[in-house]
Amino acid sequence: MDLFNWIGALFLGATGRLIAPTSPTGLASYLGAFVVLAMMATVGRRRWPSWRAFRKVVFPKKIFGHASTRADLQFYVLNSVALTSAYGLAVASASFWAEGTMRTLTACFGSHDAPTTPVWLVLAVTTIVEIVMVDLGYWAGHYLLHRIPALWEFHKVHHSAEVMTPLTEWRQHPLEMMLMPNALAIANGLTYGGLTYLFGVAQPLTLWRTNVLLAVFFLTISHLRHSHVWLPFTGFLGRLVHSPAHHQIHHSTDPKHFDKNLGFALSIWDWLFGTLWIPREDERVVFGIGAESAEFHTMSGSLLGPFAKVARRVNPRDRAPETRDPPRPAGPSPSRPDASRDRAAAAG
Ligand SMILES: [Zn+2]
Ligand SMILES: [Zn+2]
């Protein structure tokens, strides 16, 4: 493939992801987050806010002009366009793991005639098991990123965001961009291999070729987890579903929040493994990793810095002071929906 074809393929891939209706990073998912945000800023008010007040709530200047957001934008270009093909080469596909799972199960328990299972039951079981297992893969990969010191140096890039916008999703070191999809592919492969062995077929209920439960998550609240809007799920719902506030707690500089809320769409694995922190309605959170955050607001600091920090960990004479600095007031903390609404009402 010549250079022009290669560049063309990169942009076609990036464009394809943007226009796919249920892509987790497609335009529809960003639009869905915007609609939820707009509803939070307007529903229940006696009168509509002015456009100026609405813009201030949804696109606050102090967030969109922050050095942290400029770094997020550079990561978006790097990870969603420039290196996308390279990441694809580094991920063993889910079908590879599914075939391995099938072979292992057949070797252990022997082959059997697939039972006649009603289609609706296969659809229901696969839809639920897939989202539960994907979340387990995400939880497990994320746990390793936090608990293995060398991996944490790379994961810090994501946690160094001092303000959050949906683009913060892309603020990840290339090493993490290769590790996490592998964790998800293993989880997906185990799911499809196991269910195909049991039922002879595994098929979730889909919306535009995406598991319908994941599609609903992508098209509503998934991008709000990296945003300034405080939307907590509490009580039993907070033990089942990961609200945007769950993930904002995960980005907190407060030591009591460290290594909590490692899930993606669900909270069940955090609940089961003791890493769940249910957000309160009135909780205050400051994002980042303290004074070290600013080191990661440049691409050189983010891409090369983790290697230098790992090298210092390996060389005991050069070892840096341990992990996270004490919390400090950094960027603005997330706004509660009510507060957003109140501010819009006051300004409108
Ligand atoms: Zn994390
Ligand atoms: Zn995050």
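A few comments on the model shown:
- Segments classed as helices (runs of 4 or more DSSP H), wholly inside segment 223-279, with at least 2 members that are open to solvent by 10 Å² or more (accessible area, probe 1.4 Å) and not basic (Lys, Arg): 235-240, 268-273
- Filter result for Phe258 (within 16 Å of ligand 1 (Cβ to nearest atom), modelled with pLDDT of 95 or more and out of contact with any Asp or Glu (no Cβ under 9 Å at 6 or more places or on another chain)): yes
- Any hit, segment 265-275, residues being among the aromatic types (Phe, Trp, Tyr) and within 16 Å of ligand 2 (Cβ to nearest atom): no
Residues are listed down the side, and each one gets a yes or a no for (1) away from ligand 1 (no atom under 15 Å from the Cβ); (2) free of Cβ contacts under 8 Å to residues at least 12 places away in the same chain; (3) within 18 Å of Asn188 (Cβ to Cβ):
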{"residue": "Thr116", "(1), (2), (3)": "yes, yes, no"}
{"residue": "Thr126", "(1), (2), (3)": "yes, no, yes"}
{"residue": "Ile148", "(1), (2), (3)": "no, yes, no"}
{"residue": "Val163", "(1), (2), (3)": "yes, no, no"}
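- Exactly one residue among Ala161, Ala114 is farther than 17 Å from Gly263 by Cα, of a type in the set (A, V, I, L, M, F, W, C) and either within 16 Å of ligand 2 (Cβ to nearest atom) or modelled with pLDDT of 95 or more (or both), and that residue is Ala161.
- If you go through segment 133-158 and pick out every residue that is more than 16 Å from ligand 2 (Cβ to nearest atom) and under 13 Å from Leu262 (Cα atoms), you end up with 5.
Here is a yes/no grid of residues against (1) modelled with pLDDT under 95; (2) open to solvent by 40 Å² or more (accessible area, probe 1.4 Å):
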site: Gln172; (1), (2): no, no
site: Met180; (1), (2): yes, no
site: Ala187; (1), (2): no, no
site: Thr191; (1), (2): no, no
site: Gly194; (1), (2): no, no
site: Phe199; (1), (2): yes, yes
site: Leu213; (1), (2): no, yes
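- Matching residues, segment 165-183, being assigned to a helix (DSSP H, G or I) and away from ligand 1 (no atom under 15 Å from the Cβ): Pro166, Leu167, Pro174, Met178, Pro181, Asn182
- So Arg70, is it within 20 Å of the chain's Cα centre (by Cα), under 18 Å from Glu169 (Cα atoms) and at pLDDT below 75: no
Here's the yes/no breakdown for (1) modelled with pLDDT under 85; (2) within 30 Å of His297 (Cβ to Cβ); (3) loosely packed, with under 14 Cβ neighbours inside 10 Å:
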site	(1), (2), (3)
Thr25	yes, yes, no
Ala28	no, yes, no
Gly44	yes, no, yes
Thr106	no, no, yes
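- Phe287 among the aromatic types (Phe, Trp, Tyr), at pLDDT 55 or above and open to solvent by 80 Å² or more (accessible area, probe 1.4 Å): no
The values are calculated or read from the model by the stated rules, or taken from the named source; none is laboratory data. The shown structure was predicted, so the numbers you read here are calculated from the model rather than taken from an experiment. Please note: Cβ atoms are built from the backbone with ideal geometry, for glycine as well, and neighbour counts cover all protein chains shown. These area figures cover heavy atoms from the full protein model, side chains too; ligands, DNA and RNA do not enter into them. Shrake-Rupley method; radii C 1.70, N 1.55, O 1.52, S 1.80 Å.
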